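Single-structure report; data block below.
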Amino acid sequence: MKKLLFLIIVAALAFTSCQTQKNESKIDMNNPFFKEWNTPFGVPPFDEIKNEDFRPAFAEGMRLHKEEIDAIVNNPEEPTFENTMVALDKSGSFLNRVNNVFSNLSGAHTNDSIQAIEKDIEPLLSAHYDDINLNEGLFKKVKAVYEQRENLDLTTEEARFLEKKYKSFVRGGAELPADKKARMREINGELATLSVQFGENVLKDNNAFKLVIEDEADLEGLPASSVSAAAATAKEEGQEGKWIFTISRPSLYPFLTYSPNRALREKLYKGYILKGDNGNEYDNNKIVARIVELRSERAKLFGYNNHAEYILVENMAQNPENVYDILTQVWEKALPVAKQEVVDMQAIADKEGANIKIEGWDWWYYAEKVRQDKYALSEEDVKPYFQVDNVQKGIFTLANKLWGITFTERTDLPKYHKDGKVFEVKEADGSPIGIFYTDYFARPSKRGGAWMSSFRKQEMKDGENVLPIITNVCNFPAPTEDMPSLLSLDQVTTMFHEFGHGLHGLLSDCETRTLSGTSVSRDFVELPSQIMENWAFEPEMLSLYAKHYKTGEVIPDELVKKINNAAHFNQGFTTIEFLAAGLLDMDFHTLNEVDPNMDVAAFEKASMDKYGLIPQIAPRYRSTYFSHIFSGGYSSGYYAYLWAEVLDKDAFQAFKENGLFDQATAASFRENVLSKGGSDDPMKLYLQFRGKEPGIEPLLKGRGLM
Ligand SMILES: [Zn+2]
């Protein structure tokens, strides 16, 4: 995401000269953004907001925000925490209100008009925020306050806000001498271009590979859905009557899992793992080397030895040693399990007289046989117990048991789509917490995936607690005339996960808007979400919500057992392929000196050999298509998923020890984690909750690795 911002900034510079319509609109009192919202809880009046209201509202929002920033910079009084930092935190509220509605609609319920506005507004917004972040007068004020921080008698949250703000200016280059500042801008510019190029190459090389099948016999074993998708692809390509499989995951995995044709599996698998590494015009090897080199140079401008140090200092992990420590500890436990998985698969292949040695392209095929053999779990058998409304009742029941809070549907509040629901969230004593929107069903106006977001963040303003308005958006199957929406196990997990992010937003109790709710580092933000997943399939929990949609019968014990057993399936492989990518990310970004002519493939191989990666497993992403780190915002950050899992599994252990619904443990988790947002150091918060540092054993047990 950060990378994207860089790009947008570059684009913004080119766009600012041609925006002439910005202020031509007069304040229109029919535009709901120019009025108080007299809705209950001040929720957005969706029924009144029209697409044409956004442009003038954005223009006014940016104008007001700039005015507020100028007022801070030009204030003749000495800079104080109040007149600089508080003023900064509270600035931009008009713009936030507009943008929160707009960005939520653009993700969850877009249309041509919103998309057109977005194209125009995004560059303007980036330039707007860039102007603030690079404002030298503003930095001077912030720095002056920062330098007096010891004498200001600040609360923990205030001190943290001051430090975070100051550092974000510094990390943006505010303190660098002119020549280094200029070099930094050059580096950022080149990195932005390279990362776009990297992403384009991945996409194009991905699309360049096709496995064309002409003989129907080669489709043996494949599910009907996979065959019809391949037929449709062939038709699109003007090869009607044939079947085309690609290395995009929905096409790749069913083929690798179900096709008994080993030669074809090998072809497809190799197509996948050689993406961006084919020596053609889409080859990413040189780009990887250059990105790694530039990042290293930039880190040195700031006095760090390498890029990973520069990134990690702002994360919970703090430094590369801590990341390596976690990754290698789990690696040592998972590698023998992965090797055993090879042995188990080899046994099946031998029993079938296949006369082969298991290779990378055999993994999915034989793992599936192991799965059927060992776990015999069919998704279709369990789905009827996970009707969407029942699962939603489940998450609300869970929150009620843990914190006494209640969710009451409010059908009188405005919504942006009829499928959505709105809930008023209250404490056990009836006092208000906030508003929770849910929007669960897939539709063409919604982008893919699942997420939590807010229409309004919690904060203290003029001595009053502003209540949060939070939303969860998913892409579950919509109900049809004769079928309710039944969720798969993954989708159930997703609902619990997003609800955890939702609680982080709802139960926030911060002063500062900037630090409230989910505004925490990447390796901490998934703790509140992932911990909720742990409850989903606990037998005690299932008995509360997993009821057959027709009969109301509680899910039988035998199915519960199967669900929980299958959680350990293939975890050696899953863990190792993840860790291999995480280690590769770290190895690139902890290089203190980068050879501009680095042989990327050789570097990757040496790195993997060093850890003893077995040949049957490739890293989850090889270097030439590792978009998270070379065209996304995850450089030196791929580890964060596992880091958060260490925390969530360890934190959940406290509930295992004290009782699944133990209210004292829940209260402590709320007080120390959920309510605090980014207002304190995450490890300190964690220690206050757990009383000890997180251990990795619960994660290992959860994955069946010990
Ligand atoms: Zn998440």
Matching residues in segment 421-459 - criterion: being away from the ligand (no atom under 16 Å from the Cβ), in a loop (DSSP other than H, G, I, E, B) and surrounded by fewer than 18 Cβ atoms within 10 Å (Cβ to Cβ): 427, 428, 429, 430, 431, 442, 443, 444, 445
Residues of segment 630-670 that turn out to be in a loop (DSSP other than H, G, I, E, B), at pLDDT below 95 and surrounded by fewer than 21 Cβ atoms within 10 Å (Cβ to Cβ), as a count: 2
Residue 380 vs. criteria exposed (fewer than 14 other Cβ atoms within 10 Å of the Cβ) and not basic (Lys, Arg): yes
Residue in segment 537-546 that is assigned to a helix (DSSP H, G or I), modelled with pLDDT of 95 or more and within 16 Å of the ligand (Cβ to nearest atom) present: no
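So, in segment 460-473, of the ones that are touching a residue at least 60 places away in the same chain (Cβ under 8 Å) and within 16 Å of the ligand (Cβ to nearest atom), which residue ends up nearest to residue 513 (Cα to Cα)?
Let us first name the residues in segment 460-473 that are touching a residue at least 60 places away in the same chain (Cβ under 8 Å), namely 461, 467, 469, 471, 473.
In the following step, the residues that additionally are within 16 Å of the ligand (Cβ to nearest atom) were identified as 471, 473.
On the way: 471: 17, 473: 22 Å.
Going through the qualifying residues, I end up with 471.
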Pairs, first under 13 Å from residue 652 (Cα atoms) in segment 521-533, second of a type in the set (Val, Ile, Thr) and more than 10 Å from the ligand (Cβ to nearest atom), C-beta under 8 Å, six or more apart: 527/673; 528/673; 532/395; 533/493
Test: residue 568 is assigned to a loop (DSSP other than H, G, I, E, B) and open to solvent by 10 Å² or more (accessible area, probe 1.4 Å): yes
Among the residues listed as 87, 144, 127, 57, the single one being under 18 Å from residue 31 (Cβ atoms) and either of a type in the set (D, E, K, R) or open to solvent by less than 40 Å² (accessible area, probe 1.4 Å) (or both): 57
Residues located in segment 449-473, provided they are modelled with pLDDT under 95, within 23 Å of residue 648 (Cβ to Cβ) and of a type outside the set (A, V, I, L, M): 449, 451
Residue, farthest from the ligand (Cβ to nearest atom), within segment 510-536, restricted to residues that are open to solvent by 10 Å² or more (accessible area, probe 1.4 Å) and in a helix (DSSP H, G or I): 534
Residues of segment 207-245 satisfying the condition of being over 17 Å from residue 264 (Cβ atoms), open to solvent by less than 60 Å² (accessible area, probe 1.4 Å) and touching a helix residue (DSSP H, G or I) at 6+ places or on another chain (Cβ under 8 Å): 241
Selection count where residues are away from the ligand (no atom under 11 Å from the Cβ) and buried (at least 22 other Cβ atoms within 10 Å of the Cβ), scope segment 497-509: 5
Matching residues, segment 603-627, being without any contact (Cβ under 8 Å) to a residue 40 or more places away in the chain, under 15 Å from residue 287 (Cα atoms) and open to solvent by 20 Å² or more (accessible area, probe 1.4 Å): 603
Residue list for segment 671-693, filter: within 22 Å of the chain's Cα centre (by Cα) and either open to solvent by 30 Å² or more (accessible area, probe 1.4 Å) or free of Cβ contacts under 8 Å to residues at least 12 places away in the same chain (or both): 676, 681, 683
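A quick yes/no check of all residues on (1) in contact (Cβ under 8 Å) with a residue 40 or more places away in the chain; (2) under 25 Å from the mean Cα position of the chain (by Cα):
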residue	(1), (2)
183	yes, no
190	yes, no
206	yes, yes
212	no, no
230	no, no
Filtered residues of segment 246-266 (kept if in contact (Cβ under 8 Å) with a residue 60 or more places away in the chain, in a helix (DSSP H, G or I) and either over 34 Å from the mean Cα position of the chain (by Cα) or surrounded by fewer than 17 Cβ atoms within 10 Å (Cβ to Cβ) (or both)): 253, 262, 266
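Just for segment 336-361: of the residues that are of a type in the set (Val, Ile, Thr) and in contact (Cβ under 8 Å) with a residue 12 or more places away in the chain, which one is surrounded by the most Cβ atoms within 10 Å (Cβ to Cβ)?
To start, the set of residues in segment 336-361 that are of a type in the set (Val, Ile, Thr) comprises 337, 342-343, 348, 356, 358.
After this cut, where a residue has to be in contact (Cβ under 8 Å) with a residue 12 or more places away in the chain as well, the list is 337, 342, 348, 356, 358.
Numbers: 337: 20, 342: 22, 348: 16, 356: 13, 358: 24.
The qualifying residue surrounded by the most Cβ atoms within 10 Å (Cβ to Cβ) is 358.
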Residue under evaluation residue 409, criteria (1) more than 16 Å from the ligand (Cβ to nearest atom); (2) open to solvent by 50 Å² or more (accessible area, probe 1.4 Å); (3) touching a Gly at 6+ places or on another chain (Cβ under 7 Å), criterion not met: (3)
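Conditions tested, residue by residue: (1) touching a Ser or Thr at 6+ places or on another chain (Cβ under 9 Å); (2) over 26 Å from residue 39 (Cα atoms).
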{"site": "369", "(1), (2)": "no, yes"}
{"site": "376", "(1), (2)": "no, yes"}
{"site": "380", "(1), (2)": "no, yes"}
{"site": "386", "(1), (2)": "yes, yes"}
{"site": "401", "(1), (2)": "no, yes"}
{"site": "405", "(1), (2)": "no, no"}
{"site": "411", "(1), (2)": "no, no"}
{"site": "416", "(1), (2)": "no, no"}
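Name the residue that is farthest from residue 412 (Cα to Cα), counting only residues in segment 467-483 that are of a type in the set (A, V, I, L, M, F, W, C) and open to solvent by 30 Å² or more (accessible area, probe 1.4 Å). Outline the logic, then answer.
Kept after step one, since they are of a type in the set (A, V, I, L, M, F, W, C), are these residues of segment 467-483: 467, 469-470, 473-474, 476, 478, 483.
If we keep only those that are open to solvent by 30 Å² or more (accessible area, probe 1.4 Å) as well, we get 467, 478, 483.
On the way: 467: 18, 478: 23, 483: 27 Å.
Of everything passing the filter in segment 467-483, 483 is farthest from residue 412 (Cα to Cα).
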Filter result for the condition that a residue is open to solvent by less than 30 Å² (accessible area, probe 1.4 Å), assigned to a helix (DSSP H, G or I) and within 30 Å of residue 278 (Cα to Cα), over 104, 201: 201
Candidate set: segment 477-496, residues that are assigned to a helix (DSSP H, G or I) and hydroxyl-bearing (Ser, Thr, Tyr); chosen: the one nearest to the ligand (Cβ to nearest atom): 494
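The values are calculated or read from the model by the stated rules, or taken from the named source; none is laboratory data. Everything numeric here is computed off the predicted structure, so don't read it as measured data. Here the Cβ is made from the backbone with ideal geometry for all residues, glycine too, and neighbour counts use every protein chain on show. Note: areas computed on protein heavy atoms with side chains; ligands, DNA, RNA excluded. Shrake-Rupley method; radii C 1.70, N 1.55, O 1.52, S 1.80 Å.
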